[in-house]
Amino acid sequence: MSQQKVGFGGGCHWCTEAVFQALRGVVSVEQGFIRSTPPNQTWSEAVIVTFDEDVIDLKTLANVHVRTHASTARHSMRPKYRSAIYTFSDGQQVEANVVLERLAGEFENGLVTEVLPYAGFKSSEVRHLNYYETNPDRPFCKRYIDPKLDLIRKKFSSQALAAL
């Protein structure tokens, strides 16, 4: 098994965590806050995804990511909910930029998702970890997370976990 780590920030980290936990080849998802280097050093809700690149690649992860949050919206909450791929190596940064450039043409308004170097992580409080897994019937999960999981079932069925 060939494992890599990459970070993803978008909307709420509860949603982002559930999205990546639903994919085959994802070994673990750490929910919390990530920061990059200046000028993006503020903490933003995000996850660190450890994945088996023999099962799922960065291209697929990035494609899932931009389709499961507001990756085209420049809204006032962007510092807290930065749309980003946080990379752990120069090679990963190049690859993520190429993937986003290719995907951008599929979105009418382009993408606001940035590729940023990973600079730090702090975990969410324990009570928020695995939020969807422990609270699937909560109104937040029904309204915001379930539609994202439905999208994965439809558009990424070969990567969706059987239990999804």
Original post:
So how far apart, in nm, are the two label points at D52 and A73 if each is 7 Å from Cα heading toward Cβ?
Top reply: 3.5
**OP:** Provide the packing ranking of 62-69, 108-115, i.e. peptides ordered by the mean count of other C-beta atoms within 10 Å per residue, highest first.
**Re:** 62-69, 108-115
**OP:** Using Cα positions and a limit of under 12 Å, work out the aspartates and glutamates in reach of K59, with same-chain residues fewer than 8 apart set aside.
**Re:** E95, E101
Subject >> Packing-based order for 45-57, 27-39, using average beta carbon neighbours within 10 Å, highest first >> reply: 45-57, 27-39
**OP:** Please name whichever of V94, G120, F140 sits farthest to the positive end of the charge dipole of the chain, dipole taken about the Cα centre and charges placed at Cβ: Lys and Arg +1, Asp and Glu -1.
**Re:** F140
**OP:** Please list 129-139, 14-24 highest first by mean number of surrounding beta-carbon atoms within 10 Å per residue.
**Re:** 14-24, 129-139
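Using only DSSP helix segments of four residues or longer, with each worth -39500 (n - 2.57), what per-residue ellipticity at 222 nm results for the chain after dividing by its residue count and rounding to 500?
Numbers: 5 runs with 48 residues, N = 164.
About -8500 deg cm²/dmol.
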**OP:** Specify which labelled value, from (i) 19.8, 66; (ii) 14.6, 41; (iii) 16.3, 52, agrees with Rg and Dmax of the Cα atoms in Å derived from the coordinates of the model shown.
**Re:** (ii)
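Every number here is computed from the coordinates shown, using simple stated rules; none is lab data. All values derive from a computational prediction rather than experimental measurement. Heads up, the Cβs are rebuilt from the backbone with ideal geometry, glycines too, and the neighbour counts pull from every protein chain shown.
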